[in-house]
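Below is one structure, written out as structure tokens, with a few remarks after it.
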Amino acid sequence: MPELPEVETLCRQLQEVVSGKIIFSLRILDNKLGEFQQVAGQTVNAPYRNGKGITLPLDNGKALRLHLRMTGRLLWQDDRPTPEPAHTRFVMTFKQGRLILIDPRRFATLSLTDNTPLPQAFVDPLTQFPARLLWESVQGRGLPIKSFLLDQRAVSGIGNIYACEILHRASIDPWRPTRDLSLAEWKRLAKMAKTVLLKAIDCRGTSVSDWRDLLGQQGEYQHFLQVYGRAGKPCPRCSGAVKRVKLGGRGTFFCPDCQR
DNA sequence: TATAATGTTAGACT
DNA sequence: AAGTCTAACATTAT
């Protein structure tokens, strides 16, 4: 479910809510997640985002790494305990409230690791999108540009919704082989990736189906979507009909008239 | 009943 | 060897 803007939203809210707080207990309701006895009693330091992942650093040098995958959600409750929502997979209790993982499809993962830096992707779309270097280095790659944007080892944090939106704003056909992009097109991609993602962070994410932030609130970026989920509707830029195709197994929305 | 859903990756294929 | 593609994971909603 969550891509970079949604995970960034959660991390910012987590910083407010759990930084410096002591974990009273971590109750695992889906044993697929694993066992985490050692975290009780630990203080949580400032949470941060790694791509689409969330890291909760602990005082003992370890870190809880959470990835929400497709349908994972985090919810903070600071009032008196209520019955857990459907599909609750863990409950992390603090003196001041509790952090709940909700995940219908059970793809989310949690692990306890050393709090060491993780391998960085080649491109961080918010801070480092070296257009010229990419243009020079992807020669020989016939991979569709959309698949390249979704490859987390290459570009960190972009998922299906924002890949569609970024390619539309850059006027690039998702099927274009990566090797065929011009330098000007890489520059447009870099610019539009940053524009779209920063705006979406500002909007606290995209609530097209069930995305909610840490406090249960919807995001607002769904009001700015140009192509995602808009098959058959007119392209806001050229009035052509938005098409939905399948690319790399994922639903892909684009405007064949103005994305070349 | 069949399909699709905001993600990732192991294994197959080229 | 390296790049690319597909199926699988598990569940709900349309």
Report yes if residue A:84 is free of Cβ contacts under 8 Å to residues at least 12 places away in the same chain and either part of a strand (DSSP E or B) or more than 16 Å from DNA strand B (Cβ to nearest atom) (or both), otherwise no. no
For segment A:150-172, which residues satisfy the criterion of being under 16 Å from the mean Cα position of the chain (by Cα) and surrounded by fewer than 18 Cβ atoms within 10 Å (Cβ to Cβ)? A:151, A:152, A:153
Among the residues of segment A:209-249, which ones are away from DNA strand B (no atom under 13 Å from the Cβ), among the charged types (D, E, K, R) and exposed (fewer than 15 other Cβ atoms within 10 Å of the Cβ)? A:233
Test: residue A:147 is modelled with pLDDT of 95 or more and either over 22 Å from the mean Cα position of the chain (by Cα) or under 30 Å from residue A:77 (Cβ atoms) (or both): no
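Got at least one residue in segment A:113-135 being near DNA strand C (Cβ under 10 Å from one of its atoms) and either acidic (Asp, Glu) or at pLDDT below 95 (or both)? Talk me through it step by step, then tell me what you get.
Step one: filter segment A:113-135 for residues near DNA strand C (Cβ under 10 Å from one of its atoms), giving none.
No, every residue in segment A:113-135 fails to be near DNA strand C (Cβ under 10 Å from one of its atoms) and either acidic (Asp, Glu) or at pLDDT below 95 (or both).
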Given (1) without any contact (Cβ under 8 Å) to a residue 40 or more places away in the chain; (2) crowded, with 17+ Cβ neighbours inside 10 Å; (3) farther than 22 Å from residue A:257 by Cβ, index of the condition residue A:138 fails: (1)
Quick one: count up the residues across segment A:191-209 that are touching a Gly at 6+ places or on another chain (Cβ under 9 Å) and in a loop (DSSP other than H, G, I, E, B). 6
So in segment A:26-76, with the set limited to residues that are more than 16 Å from DNA strand B (Cβ to nearest atom) and of a type in the set (S, T, N, Q), which one is nearest to residue A:3 (Cα to Cα)? A:45
How many residues are touching a residue at least 60 places away in the same chain (Cβ under 8 Å) and surrounded by fewer than 19 Cβ atoms within 10 Å (Cβ to Cβ) if we restrict to segment A:177-208? 3
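The values are calculated or read from the model by the stated rules, or taken from the named source; none is laboratory data. Quick caveat: nothing in here was measured; it's all calculated off a predicted structure. Here Cβ is always computed from backbone atoms with ideal geometry, including for glycine, and neighbour counts include all displayed protein chains.
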